[in-house]
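Working notes, beginning with the structure itself.
The values are calculated or read from the model by the stated rules, or taken from the named source; none is laboratory data. This is a predicted model, so every value here is computed, not measured. Reconstructed Cβ throughout: ideal geometry from the backbone, glycine too, with neighbour counts over all protein chains shown. Heavy atoms of the whole protein, side chains included, go into the accessibility calculation; ligands, DNA and RNA do not. Shrake-Rupley method; radii C 1.70, N 1.55, O 1.52, S 1.80 Å.
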Amino acid sequence: QVQLVESGGGLVQAGGSLRLSCAASGFTFSMYVMGWFRQAPGKEREFVAALTWSGGTTYYGDSVKGRFTISRDNAKKTVYLQMNSLKPEDAAVYYCARRKTSGSNSEADAYDYWGQGTQVTVSS
């Protein structure tokens, strides 16, 4: 069955960095667009980043452009999110997700499988 398992979250000071990982299994990873979303308490799930099957094209939410980088290693079936210059407003549970065969990269409804999430806390 499809599984997505995130790791790498934690507590970091504002201005610091974290790298999240999402290990995939149960499907042909290299054929799918993969994305990262986040959700803070009391807020809607927010698109963070996505990239195509080859990793050649990336997409970012406006709030993270220039600070976050999404990448993937198809041999390892893993997608990464490098987060630099973290701000307190970046604190959230971060989820990786597999996009359906078609749909908008930035809409949560276009994704069919989700990980359990990893908590990122940013202290000011």
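Points worth noting:
- Under the criterion of Cα pairs below 8 Å and six or more residues apart, the relative contact order for the chain equals 35 percent.
- Residue (of GLN119, ASN74, SER106) at the positive-pole extreme of the stretch 12-124, dipole from beta-carbon charges: ASN74
- Proximal charge balance of TYR113 [Cβ under 10 Å; K/R count +1, D/E count -1]: +2
- Near ARG38: Cβ cut-off under 14 Å, other residues only, Lys/Arg at +1 and Asp/Glu at -1. The net charge is -2.
- Å² of accessible area per residue within the chain, as computed with a 1.4 Å probe and no ligands counted: 50 Å²
- Just the protein heavy atoms count here, and of the accessible area of the chain at 1.4 Å, carbon and sulfur take up 46 percent.
- Whether the stretch 63-111 is rounded, prolate or oblate, judged on the alpha carbon gyration tensor where a/c under 1.5 counts as rounded: oblate
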